[in-house]
1. Can you tell me which condition R376 does not meet? The list is (1) modelled with pLDDT of 95 or more; (2) assigned to a loop (DSSP other than H, G, I, E, B), and all the others hold.
2. May I ask you to say which residue of L342, L372, L379, L320 is open to solvent by 70 Å² or more (accessible area, probe 1.4 Å) and within 24 Å of the chain's Cα centre (by Cα)?
3. Return only the number of the condition from (1) crowded, with 22+ Cβ neighbours inside 10 Å; (2) more than 27 Å from R374 (Cβ to Cβ) that G435 does not satisfy.
4. Report, by residue number, each residue of the stretch 243-280 that is among the hydrophobic types (A, V, I, L, M, F, W, C) and in a loop (DSSP other than H, G, I, E, B).
5. Give me the pairs: first residue in the stretch 188-207 and not assigned by TED's automatic domain parsing to the domain that holds G178, second residue of a type outside the set (F, W, Y), beta-carbon distance under 9 Å, and six or more apart or on different chains, which are they?
6. Just name the residue that is farthest from the ligand (Cβ to nearest atom) out of those in the stretch 327-339 that are open to solvent by 10 Å² or more (accessible area, probe 1.4 Å) and of a type outside the set (S, T, N, Q).
7. Restricting the search to the stretch 340-363, which residues are more than 15 Å from V157 (Cβ to Cβ), in a helix (DSSP H, G or I) and either out of contact with any His (no Cβ under 9 Å at 6 or more places or on another chain) or within 11 Å of the ligand (Cβ to nearest atom) (or both)?
8. Of all residues in the stretch 159-173, which are touching a Lys or Arg at 6+ places or on another chain (Cβ under 8 Å) and within 19 Å of Y316 (Cβ to Cβ)?
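The values are calculated or read from the model by the stated rules, or taken from the named source; none is laboratory data. Please read all numbers here as calculations on a predicted model, not as lab measurements. Positions of Cβ are generated from backbone atoms using ideal geometry, with glycine treated the same way; all protein chains shown enter the neighbour counts. Areas reflect the complete protein model, heavy atoms only, side chains present, ligands, DNA and RNA absent. Shrake-Rupley method; radii C 1.70, N 1.55, O 1.52, S 1.80 Å.
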Amino acid sequence: MIGQQLPASTLDGLLGNWSTDAGPAYRVLADRLRLLIADGRIMPGARLPSERELTDALGVSRTTVASAYRELRDRGYLVSRRGSGSVTALPSKVGPELGRHHAPGIDTEGLYDFTCAAPAAVPGISTAVAAASTQLPVHLATPGYHPQGLPELRAEVAAMYDDRGLPTSPDQIIITAGALAATSIAIRAFTQIGDRVLTESPTHPNSVDAIRRSGCRVVAAPMSPGGWDLPLLEATIRQTAPRAAWMVVDFQNPTGWLMPAAERQQLATAFARSRTTAIIDETLGELWLDGQEMPPPFAAYHPEGVITVGSVSKSYWGGLRIGWMRVPSSLVARVLDARASLDLGAPVLDQLVVAELLRDRATLLPERRADLARRRDALAAAVSSELPDWRFELPGGGLSLWCELPEPVGSSLVGVAQRNGVLVVAGSRFSPDGGLESFIRLPYTLEPDALRDGVRQLAASYRSLTGTQSNPGFTPAMIA
Ligand SMILES: Cc1ncc(COP(=O)(O)O)c(C=O)c1O
């Protein structure tokens, strides 16, 4: 991407419909470009069109473009050198305003933070930590390296799959530093540079980034308003023969859809036919909130071709940084080999803690679900009353509402809301290919009172924006 020349017509398309109702045209243009750069939709190092070319393409005055470029230069988003034009950059110090390295809980004090679909820890963590500490001395007498994970934790994870009707040996489980790390390892093990990888759109952005940064080409199949579009997926698999697919079938982030058993069967058959390795992220699978029966894990439909990714980040606590892969026995050695150059295992103490938590799952998870259901219902009620023209399907589980706005103002709303004390992520951040400007994801991980107050502030921001566009702002790089 470094040095890539961005044609004026491409940039015009990326800018979309930007209007100058919200302030001086140069500032709106500069803000819009800043968002695209911070969002990763224009890569650092890309060469922007000359002022004259962009002036012609956008039909604005030369002064507008020159002033916008000047503002971007002043803020560190553009470097202009004689002979090489204007090249995009990321400021060396990106503050919380843009949050390229935003982490939950950092620099968000006093703000309603709707950017993170990961709840606080379950109450049982301290007890589990105390119990794990008593087991640590045995491990202190060893080097502490466990590239596949501690046997006792692998046994607990395998038992969870057994409980769901998918017989699993602890030898098929590989413990990782979270689900995202598991996805990165799987992509490394089963793809090569240039391979196509099928994903949904919208989907979890950091996982898409991980796939792209491994050198793969992402083929994104749009979700339909009611879930997965099976005929479209089957046609895409037939036409593109992707080497791998990465999909989230349990309460998909961000849409909240749960793939029914029959669709799992149909899709698994399509993957088997095209010899596509299916990497299936079931990180949110424990978070069913309405007492419904869960379909079998995806791997039950194609045991030899599916890599399952799981994690305790959403069900217990993200701060533990523990996830796993369930791998067909014949592929375990290949995955461990691919992992060896990334990391050499997950922390022992955290694995001991997670083993304790999983042993206690019959108590801890119902409490987690009841708490999340209360928050989900509070958020849904608040959105329905404060933002009646926003549409969403109440998800049966997971962690967020995927809201459709009547107008494509998602990115603009992010900026206005930020100034009103509310942090949200624009729907476009969840699209591998851009677009989805009419969507906003709202996680229900805050306390119900905070959810209600935050939505009230968000609604005020939305009203102030309605019929206008405003300046885009905060876009976190890390999306949970
Ligand atoms: C579908 C999905 N996969 C992976 C992750 C990352 O999980 P982890 O914190 O275990 O790396 C998230 C959320 O952050 C997610 O929603």
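1. All conditions are met except number (2).
2. Details: L372 fails: open to solvent by 70 Å² or more (accessible area, probe 1.4 Å); L379 fails: open to solvent by 70 Å² or more (accessible area, probe 1.4 Å); L320 fails: open to solvent by 70 Å² or more (accessible area, probe 1.4 Å).
Of L342, L372, L379, L320, the one residue that is open to solvent by 70 Å² or more (accessible area, probe 1.4 Å) and within 24 Å of the chain's Cα centre (by Cα) is L342.
3. (1)
4. From the stretch 243-280, those among the hydrophobic types (A, V, I, L, M, F, W, C) are 244-249, 251, 257-259, 261-262, 267-268, 270-272, 278-280; that's our starting set.
Result: V249, F251, W257, L258, M259.
5. none
6. Keep residues of the stretch 327-339 that are open to solvent by 10 Å² or more (accessible area, probe 1.4 Å), which gives 329-334, 336-338.
Next, from what is left, pick out any that are of a type outside the set (S, T, N, Q): 331-334, 336-338.
Values: L331: 20, V332: 20, A333: 24, R334: 22, L336: 19, D337: 22, A338: 17 Å.
Result: A333.
7. The answer is A362, T363.
8. M160, Y161, I173
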